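Shown next, in structure tokens, is the structure this report addresses.
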């Protein structure tokens, strides 16, 4: 928050005397001495004035959510969200109609959690109207005001409660917040798959997501939304072995208890991309095919058939179940990282050159040659593959 770019944004916003403050995650993470990613700034100026101030300063401004008071300022590569102080005039469980305000305490009162309602001015002066610093130090995630009210403003806050508990909670979850989440859990079905997926995949990045997912299951949160996520022990296992760069989709697969059809339905419900759906389904379809004692030849066959991504996913999941065999699993993963997929030395043109007419039979013959080539550990060169091809065509 002390970069030259940030200083330029602040200078533009305060050029006419407005008081601005940093707010939300950037303040929270700075207080914890964690890396600050996104910078949010609150201002009493309406969005139209913010746009004009940025324009005068020569800073690119995008009216990303102007009805809700949000303007994005861009000084590449950084993006800054600037939001007018506001209060909720009406709420609909997913969205709200807001009215702009000049009152900082009213703005804080509409935020989700106390740890996200801490403000800091450019000189470093803290404004903490909801007791967020004390909660941050204690390690407890509390809703601002009445939990039930905050949740009914946007039911996604149920999932956010558990995500923030996973990342920032060091104490048992706040009992009032937990009770309100239980009571409103059925309303989670009103949320779009995209919003749920975004929140859950971010949640799964936490090293504590396994333990917190158990808490969600125990409190009936998953019953209404993601009943497939029952394998919390396996999730905890993969968290222990998957290294410093978590893969949330792999962790989702670890927690998933559904069969292939159920997994496809889960991916559809979460509106995952085609690549994500295929990856998730492949993990279920081929579960157990990568074994700790699979040799080099078997690894090559599996890598050729499944691809490196699926092989790595399956190896990590089996490693989570067999943590004592860490050396063998690391060997598998190193092998996969170095592996380059070989190409079958012949193609359809070679088959048709032997008089086979274009059509399904060309593919059938190629598949037979490929199966022979794989069985021989990919060693046959083009000439040997052509010999095998002639034999198969002659047999007819």
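The values are calculated or read from the model by the stated rules, or taken from the named source; none is laboratory data. Since we're looking at a predicted model, the values are computed, not measured. All Cβ positions, even for glycine, are placed from backbone atoms using ideal geometry, and neighbour counts span all protein chains on display.
Restricting attention to region 331-358, the residues being farther than 30 Å from residue 242 by Cβ and either free of Cβ contacts under 8 Å to residues at least 24 places away in the same chain or touching a strand residue (DSSP E or B) at 6+ places or on another chain (Cβ under 7 Å) (or both) number 8. The residues on offer are 91, 83, and the sole one that is within 28 Å of the chain's Cα centre (by Cα) and either buried (at least 18 other Cβ atoms within 10 Å of the Cβ) or at pLDDT 95 or above (or both) is 83. Under the condition of being at pLDDT 95 or above, loosely packed, with under 15 Cβ neighbours inside 10 Å and within 18 Å of residue 116 (Cβ to Cβ), the residues counted in region 166-182 number 1.
In region 12-25, which residues are part of a loop (DSSP other than H, G, I, E, B) and on the phi < 0 side of the Ramachandran plot? Correct list: 14, 15, 16, 18, 19, 20. Tell me the residue from 28, 55, 34 that is under 33 Å from the mean Cα position of the chain (by Cα) and in a helix (DSSP H, G or I), please. Checking each option against the conditions leaves just 28. Applying the condition of being touching a residue at least 40 places away in the same chain (Cβ under 8 Å) and surrounded by fewer than 18 Cβ atoms within 10 Å (Cβ to Cβ) to region 48-57 and asking which residue is farthest from residue 132 (Cα to Cα) yields 56. Being surrounded by 15 or more Cβ atoms within 10 Å (Cβ to Cβ), on the phi < 0 side of the Ramachandran plot, touching a helix residue (DSSP H, G or I) at 6+ places or on another chain (Cβ under 8 Å) and in contact (Cβ under 8 Å) with a residue 40 or more places away in the chain: is that true of residue 45 here? In short, no. For residue 11, are the conditions met, namely being over 25 Å from residue 155 (Cα atoms), modelled with pLDDT under 95 and surrounded by fewer than 18 Cβ atoms within 10 Å (Cβ to Cβ)? No; evaluated as a whole, the condition is false for this residue. Against the test of being loosely packed, with under 15 Cβ neighbours inside 10 Å and closer than 25 Å to residue 196 by Cα, the options 103, 67 yield a single qualifying residue, 67. The one condition from (1) at pLDDT below 95; (2) farther than 18 Å from residue 23 by Cβ that residue 139 does not meet is (1). Of all residues in region 218-229, those being buried (at least 17 other Cβ atoms within 10 Å of the Cβ) and closer than 22 Å to residue 321 by Cα number 2. Residues considered: 280, 266, 272. Of these, the only one that is within 22 Å of the chain's Cα centre (by Cα) and not in a helix (DSSP H, G or I) is 272.
Considering (1) in a helix (DSSP H, G or I); (2) closer than 17 Å to residue 320 by Cα; (3) at pLDDT 95 or above, the lone condition that residue 206 does not fulfil carries the number (1). Note on region 294-348: enclosed helices (runs of 4 or more DSSP H) holding 2 or more residues that are under 30 Å from residue 365 (Cα atoms) and within 23 Å of the chain's Cα centre (by Cα) are 308-321. Can you confirm whether residue 17 is assigned by TED's automatic domain parsing to the domain that holds residue 79, more than 29 Å from residue 135 (Cβ to Cβ) and at pLDDT below 95? It is true that residue 17 is assigned by TED's automatic domain parsing to the domain that holds residue 79, more than 29 Å from residue 135 (Cβ to Cβ) and at pLDDT below 95. The helices (runs of 4 or more DSSP H) falling completely within region 66-168 that include 3 or more residues that are closer than 27 Å to residue 52 by Cα map to 104-109. The residues of region 183-204 that are in contact with a helix residue (DSSP H, G or I) (Cβ under 7 Å, 6 or more places away or on another chain), surrounded by fewer than 16 Cβ atoms within 10 Å (Cβ to Cβ) and closer than 16 Å to residue 272 by Cβ amount to a single one, 193. Among the residues of this structure, residue 300 counts as one that is surrounded by 14 or more Cβ atoms within 10 Å (Cβ to Cβ), within 30 Å of residue 243 (Cβ to Cβ), in contact (Cβ under 8 Å) with a residue 60 or more places away in the chain and not assigned by TED's automatic domain parsing to the domain that holds residue 391. Scanning region 15-35 for residues that are free of Cβ contacts under 8 Å to residues at least 60 places away in the same chain and either surrounded by fewer than 18 Cβ atoms within 10 Å (Cβ to Cβ) or more than 11 Å from residue 120 (Cβ to Cβ) (or both) yields 15, 16, 17, 18, 29, 33, 34, 35.
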